[in-house]
Amino acid sequence: MVSEAPQNRYLPNSASCYVCGDTNPAGLGVRFELEGETVLCHFRASKHQAGYHGMVHGGVLSALLDETMGWAPSITDGRFSVCAELKVRFLRPSPLGRELTVRGWTVRQHGRLFLAEGEITDSEGTVYVKGWGKYSPLTREQTLEVVRHLQFQPDTVPRQELWPDAEA
């Protein structure tokens with residue numbers, strides 16, 4: 001839906017979201033960015049997101065990947081989606097304290113589902129996790145209801161650019 005967007009533009013967030021919420025004290029607090037039609041975020045896990053000593057918990061990595069891939073259909077189709085199926089392949093342990101980049105993109109639409117892929121890497125290009133998901137789109141009305149609860153900041157992609165028929 002977004003065309004010729006400059007690289008690394010932030011997306012709006014939901015205040016209480018576990019992944020991107022800025023008021024959720026137990027949340028991860030990431031900010032999603034738009035790079036073309038790829039959604040990405042950066043994350044540095046603390047000891048509170050550990051599984052085994054020194055490693056990021058797989059559930060945290062899965063949540064990051066799900067949310068990032070789940071944003072992708074809203075960019076390409078203009079509708080939010082919910083996860084119908086998530087496959088995650090952990091290629092190597094992700095160390096605590098290392099900045100990770102999570103990327104997600106829509107591959108194609110299959111029937112009524114969107115197929116998305118994603119990966120988690122570090123700055124050196126090491127791939128820690130790969131993911132695939134099937135996302136079921138919300139209706140246009142449900143999407144606009146979600147949009148009404150998002151927080152738009154001066155550095156986010158404007159509401160009207162992402163969802164032209166959304167009320168301000």
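Some notes on this structure:
- Using C-alpha pairs below 8 Å separated by at least 6 residues, the relative contact order for the chain is 23 percent.
- Rough spin-label spacing in nm, given labels placed 7 Å along Cα→Cβ, for Tyr10 and Lys87: 3.5
- For the chain, the longest principal axis of the alpha carbon atoms and the long axis of helix 58-76 meet at an angle near 20°.
- Annotation: Cα Rg of the chain relative to the compact-globule expectation 2.2 N^0.38 Å equals 1.00.
- Magnitude of the charge dipole for segment 2-145, about its Cα centre and with charges confined to Cβ atoms of Lys, Arg (+1) and Asp, Glu (-1), is about 380 debye.
- Where labels lie 7 Å past Cα in the beta-carbon direction, separation of Val146 and Thr23 in nm: 2.0
- Kirkwood hydrodynamic radius of segment 19-108, Cα pairs, Å: 13.8
- Cα-only Debye scattering, segment 67-122: base-10 log of I(q)/I(0) at q = 0.17, 0.18 Å⁻¹: -0.59, -0.65
- Candidate residues Ser16, Ser123: accessible-area rank, largest first, probe 1.4 Å: Ser123, Ser16
- By the Stokes-Einstein formula, at 1.567 mPa s and 4 °C, segment 98-150 with its Kirkwood radius over alpha-carbon pairs has D equal to 99 µm²/s.
- A 1.4 Å probe run over the protein chains yields, for the chain, 51 Å² of accessible area per residue, whole-number rounding.
- Computed over the chain, the per-residue total of -39500 (n - 2.57) for DSSP H runs of n ≥ 4 gives a 222 nm mean residue ellipticity of -5500 deg cm²/dmol, rounded to 500.
- Backbone amide hydrogens, once placed in the peptide plane, bring Val56 within less than 5 Å of Gly51, Ser94, Leu96, excluding anything fewer than 5 places away on its chain.
- Taking the charge dipole of segment 1-137 about its Cα centre, with +1 at Lys and Arg Cβ atoms and -1 at Asp and Glu Cβ atoms, the residue from Leu40, Cys17, Gly51 reaching farthest to the positive side is Gly51.
The values are calculated or read from the model by the stated rules, or taken from the named source; none is laboratory data. Since we're looking at a predicted model, the values are computed, not measured. Backbone-built Cβ (ideal geometry, glycine too); neighbour counts: all protein chains shown. Keep in mind that these areas ignore ligands, DNA and RNA; they rest on the heavy atoms of the full protein, side chains included. Shrake-Rupley method; radii C 1.70, N 1.55, O 1.52, S 1.80 Å.
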